[in-house]
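The structure appears below as structure tokens.
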Amino acid sequence: MFKPFSLFVGYRYSYEKRKNHFISFISLTSMLGIAIGVTVLITVISVMNGFSKEIRAKMLKITPHITLRNTEGLLGNWQSVLQTVLQEPGVVGAAPYIVSQGLLVQNGVVQPTVVRGIDPAMVEEVYPLRQSIKSGRFEDLLPGSFGVVVGKEMAQSLGLEVGDKITLLVPEATATITGVNPKYKRLTLVGIFDTGTHYDDRNAFIHIKDAAKLFRTHAAITGIQIKVVDELQAPEITKDLNTKLNHKYWITNWTDEYSSFFEALNMEKIVMWCILCLIIAVAAFNLVSSLVMMVTDKRSDIAILRTMGATPRSIMAIFVSQGAIIGCVGTAIGLVAGLALAYNITAIAEWIQYIFNVRFVTEDVYLISFVPSLVQKSDVVLICSFSLIMSLLATLYPAWRAANIAPAEALRYE
């Protein structure tokens, strides 16, 4: 049990001007080691959280949170299913779609593509395709005009500009008197979108009515795309929809499609946690060394305190409180420095890149062009708690040794 006496002596031992400067140096090193460990942990974990958030937002910019499809092919009578989906709590938008594969041909260049039939009036409720249009007009995607919107990468590879005609070959043959010929359709490029993701080089959007004619789906559709308020709640809403619709449909969410990617990010975060925690562990070992030397240096003082009536428990409390003070101060310094660095890491990284003419993050690889940061309260609390616990554990052995010093032995040669 800590008493004011133990705290007072522990405080004096922590901040007195010691004759043994080596012990003071070791204590200062321990404190700085804890501070550096906490600073680095908060900063690195915040940057990894930021990467996860930004990449997720980038991927979901043009990806539906939830997708509903028929287990046996096309989805007929989809209007009633759509109304049921829109009534589900947490769902903010839903839209029908038709999807198929094809080949876009222009000037002898062939590009495989995923052709998606959408309703321009409803797709904005699922993902902001209109905001991604960099050239042309999304409003020109009209039924019967067979207009098409393609990604920036695909447009560049095919040498396309808005207004150009392009040939779409679909995986369906047409029998004529001259034989079996591949089915094709001339489309007009009405827009080019740029999301900065892999969607830009493999996807093309046409009106859902044109897609129904082209792929002969008639009144049926491929499925329904759904947007929810919080993408992290998509798995729960998926389960609720499955229950409400009696498991008649195949309902998946974005976590199923990108599960391996985000599991890899999470594994990297855990490994980084373990590696950086070693910095705090090393600082804690330094704290053990400094406290052991402190106990050796203060043997006579401890003996005198014992002869004056101090109990072994109070002696232990002195050195536990001393280690706790070092740990608390180091953690506090690391907390302040870590939060300051985490909240300003984007600006700091930009400044370093500008000064040394280097790039830490390239959009081609990471989908973003800056160093993001997201400070989460739970991570900060966990880091600081780990630091304080390690500091307290480091005090137990030196405090136990101090409590077991025999006054007669310590004062024999004094």
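The values are calculated or read from the model by the stated rules, or taken from the named source; none is laboratory data. Keep in mind that this is a model prediction, so the values were computed, not measured. Reconstructed Cβ throughout: ideal geometry from the backbone, glycine too, with neighbour counts over all protein chains shown.
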Here is a list of conditions, (1) touching a Gly at 6+ places or on another chain (Cβ under 7 Å); (2) loosely packed, with under 14 Cβ neighbours inside 10 Å; (3) not β-branched (Val, Ile, Thr), and Ser321 meets all of them except one; can you say which number that is?
-> (2)
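Which residues, taken from the range 232-243, are among the β-branched types (Val, Ile, Thr) and free of Cβ contacts under 8 Å to residues at least 40 places away in the same chain?
Hit for the range 232-243 is Thr243, nothing else.
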List the pairs whose first member sits in the range 71-86 and is aliphatic (A, V, I, L, M), whose second member is part of a helix (DSSP H, G or I) and crowded, with 16+ Cβ neighbours inside 10 Å, and whose Cβ atoms are under 8 Å apart, counting only residues at least 6 apart or on separate chains?
-> Leu75/Val81; Val85/Leu241
Looking only at the range 279-309, and only at residues there that are more than 28 Å from Thr331 (Cβ to Cβ) and touching a helix residue (DSSP H, G or I) at 6+ places or on another chain (Cβ under 8 Å), the one that is surrounded by the fewest Cβ atoms within 10 Å (Cβ to Cβ) | Thr307
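Does any residue of the range 244-263 turn out to be among the acidic types (Asp, Glu), more than 30 Å from Leu396 (Cα to Cα), in a helix (DSSP H, G or I) and without any contact (Cβ under 8 Å) to a residue 40 or more places away in the chain?
Taking the range 244-263 as the starting set, the residues that turn out to be among the acidic types (Asp, Glu) are 256-257, 263.
Next, only the ones that are more than 30 Å from Leu396 (Cα to Cα) stay: 256-257, 263.
Filter once more, so that each one left must be in a helix (DSSP H, G or I): 256-257, 263.
Those left that are additionally without any contact (Cβ under 8 Å) to a residue 40 or more places away in the chain: 256, 263.
Yes, the range 244-263 contains at least one residue that is among the acidic types (Asp, Glu), more than 30 Å from Leu396 (Cα to Cα), in a helix (DSSP H, G or I) and without any contact (Cβ under 8 Å) to a residue 40 or more places away in the chain.
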So which of Glu172, Glu125 is assigned by TED's automatic domain parsing to the domain that holds Val228, at pLDDT below 85 and farther than 29 Å from Glu54 by Cβ?
-> Glu172
Considering the range 354-383, residues that are among the acidic types (Asp, Glu) and modelled with pLDDT under 90, and then whichever is surrounded by the fewest Cβ atoms within 10 Å (Cβ to Cβ), we arrive at Asp364
Matching entry among Ile318, Ile355 (being at negative phi, touching a residue at least 60 places away in the same chain (Cβ under 8 Å), assigned to a helix (DSSP H, G or I) and not assigned by TED's automatic domain parsing to the domain that holds Gly196) = Ile318
Using the structure shown, decide if Glu153 is in a loop (DSSP other than H, G, I, E, B) and of a type in the set (Asp, Glu).
-> no
So is Leu214 in contact (Cβ under 8 Å) with a residue 24 or more places away in the chain, surrounded by 12 or more Cβ atoms within 10 Å (Cβ to Cβ) and out of contact with any helix residue (DSSP H, G or I) (no Cβ under 9 Å at 6 or more places or on another chain) or not?
-> yes
Considering every residue within the range 209-222, establish whether at least one is at pLDDT 90 or above and assigned to a strand (DSSP E or B).
-> yes
